[in-house]
Amino acid sequence: MKLTEITIRHLQMKLKSPFATSFGTLENRDFLLLEAKDESGTIGWGESVAFRAPWYTEETMMTNWHMLEDFLIPLLLNKELQHPDEVRDTFSPIRKNNMAKSAIEGAVWDIYAQQTNQSLAAALGGKSEQIEVGISIGIQPTTDDLIQLVHGYVKEGYKRMKVKIKPGKDVEVIRALREHFPDLPIMADANSAYSLKDLDTLKQLDEFNLMMIEQPLASDDIIDHAKLQKELETPICLDESINSLEDARKAVELGSTKVINVKIGRVGGLSEAKKIHDYCAEKGISVWCGGMLESGIGRAHNIALTSLPNFTLPGDTSGSDRYWEKDIIAPEVIANNGYITVPKKAGIGYEIDREAVDAFTFSKKHYR
Ligand SMILES: O=C(O)CCC(=O)C1=CC=C[C@@H](O)[C@@H]1C(=O)O
Ligand SMILES: [Mg+2]
């Protein structure tokens, strides 16, 4: 396979409801879509999950565009590839910028799966026919709002809730939620809002039998997380701190984490995500697939990854209708009773709704 043409598009899609975290609120999702064509005319799609602003990691939509245009596309265009795993080596002269790398690697995986006439899930080695998914709920104005929302999602069949916490919106919020839903699998995501000075607060969360607490401490830390894990009964899950297999190995060896949230973009692509999955399977560390408020295209990649056997915990990739009035794939992703069926069609397994893509496109540029 040899990529001969690439199009980058900037899309903006309005979220059905704003998503608030410990670092801010998002109303519109801006992102880059990558369309890649190889010499035989097969088209593959990838999505950059970087946000407009660098509040989740240092990457942004526009740093991704710059990296793609000036470094990554020139390295990949017209290069002969036997397998998508080679994309990572091709990009090895470029440090970090994982979301930019992942966007284009995802399109290469899509082309590879189509050309070998298998679903992306099968190409990755995935076996599950359906995957269990949960909901990630942003910080709500009041605890009552949160409880009402959770009621609604439970009614829809979702069986695991992740709620965002931050200082001042933590112990009492979780206490109220636990009182209303004594048996519901609940987890809390802090997006690095705490430090070891908050040990007392974090220890109080042990009372509520949470499945895990996600990324309580700094986004680049594994040392303090190891200290914290020794003090907590609740398992720690790392998200922002894990950007590669090497990061995962170090965190696991140090005892900084008992669970890893694997996000394809954050770790630089599907090949690296699969390596982290395999390593964690060997070490008895559970993994689940995190979400980045993706459009249907990124969502399809997440679903394929989640079909690997060690994704034993429900992920954040819920149905399209939880985010968008209209998604850019057909059919849209549907969660039924908390489960999504893994598509069997070749490639990412969904058609691209080009009319919808065009409708949400702000700007685009072709590279050949
Ligand atoms: O529903 C989803 O796609 C998950 C959303 C979600 O929880 C997150 C998306 C992006 C950044 C963070 O706020 C957060 C996370 O940390 O997992
Ligand atoms: Mg997180």
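Annotations
- Among the candidates ALA273, ALA248, residue that is outside the structural domain of HIS83 (by TED's automatic domain parsing), crowded, with 23+ Cβ neighbours inside 10 Å and farther than 14 Å from PHE311 by Cβ: ALA248
- The helices (runs of 4 or more DSSP H) found entirely in segment 176-262 that carry 1 or more residues being of a type in the set (S, T, N, Q) and closer than 22 Å to GLY284 by Cα are 223-231.
- Of the residues making up segment 301-332, those that are open to solvent by less than 30 Å² (accessible area, probe 1.4 Å), within 20 Å of ILE111 (Cα to Cα) and in a loop (DSSP other than H, G, I, E, B) are SER307, LEU308, ILE328.
- Residues being assigned by TED's automatic domain parsing to the domain that holds LEU217, open to solvent by 40 Å² or more (accessible area, probe 1.4 Å), within 22 Å of LEU238 (Cβ to Cβ) and more than 16 Å from ligand 2 (Cβ to nearest atom) are represented in segment 130-138 by at least one member.
- The set of residues from segment 2-29 being open to solvent by 10 Å² or more (accessible area, probe 1.4 Å) and charged (D, E, K, R) comprises LYS2, GLU5, ARG9, LYS14, LYS16, GLU27.
- Index of the failed condition, GLY125 passing every other in (1) among the small types (Gly, Ala, Ser); (2) open to solvent by 20 Å² or more (accessible area, probe 1.4 Å); (3) under 30 Å from ASP224 (Cβ atoms): (3)
- Of all residues making up segment 152-175, the number that are within 16 Å of ligand 2 (Cβ to nearest atom) and either outside the structural domain of GLY315 (by TED's automatic domain parsing) or assigned to a loop (DSSP other than H, G, I, E, B) (or both): 3
- Residues considered: ASP183, ASP170. Of these, the only one that is away from ligand 1 (no atom under 16 Å from the Cβ) and either in contact with a Ser or Thr (Cβ under 6 Å, 6 or more places away or on another chain) or of a type outside the set (S, T, N, Q) (or both) is ASP183.
- Residue in segment 30-37 that is modelled with pLDDT of 95 or more, within 26 Å of GLY291 (Cβ to Cβ) and within 14 Å of ligand 1 (Cβ to nearest atom) present: yes
- VAL150 being open to solvent by less than 10 Å² (accessible area, probe 1.4 Å), over 21 Å from THR201 (Cα atoms), free of Cβ contacts under 8 Å to residues at least 60 places away in the same chain and not basic (Lys, Arg): yes
- Boolean, ILE6 is part of a loop (DSSP other than H, G, I, E, B) and farther than 30 Å from LEU146 by Cβ: no
- Residue check, LEU210 closer than 22 Å to GLY134 by Cβ and within 25 Å of the chain's Cα centre (by Cα): yes
- Inside segment 232-253, residues that are among the β-branched types (Val, Ile, Thr) and either within 16 Å of ligand 1 (Cβ to nearest atom) or without any contact (Cβ under 8 Å) to a residue 12 or more places away in the chain (or both) make up a count of 2.
- Segment 347-368, residues that are in a helix (DSSP H, G or I), touching a Leu at 6+ places or on another chain (Cβ under 8 Å) and open to solvent by 90 Å² or more (accessible area, probe 1.4 Å): none
- Total residues in segment 341-368 satisfying the condition of being of a type outside the set (D, E, K, R) and either without any contact (Cβ under 8 Å) to a residue 60 or more places away in the chain or closer than 29 Å to SER128 by Cα (or both): the figure is 11.
The values are calculated or read from the model by the stated rules, or taken from the named source; none is laboratory data. This is a predicted model, so every value here is computed, not measured. Using ideal geometry, Cβ is built from the backbone for each residue, glycine included, and neighbour counts are taken over all protein chains shown. Please note that ligands, DNA and RNA were not included when accessible areas were found on the heavy atoms of the full protein model with its side chains. Shrake-Rupley method; radii C 1.70, N 1.55, O 1.52, S 1.80 Å.
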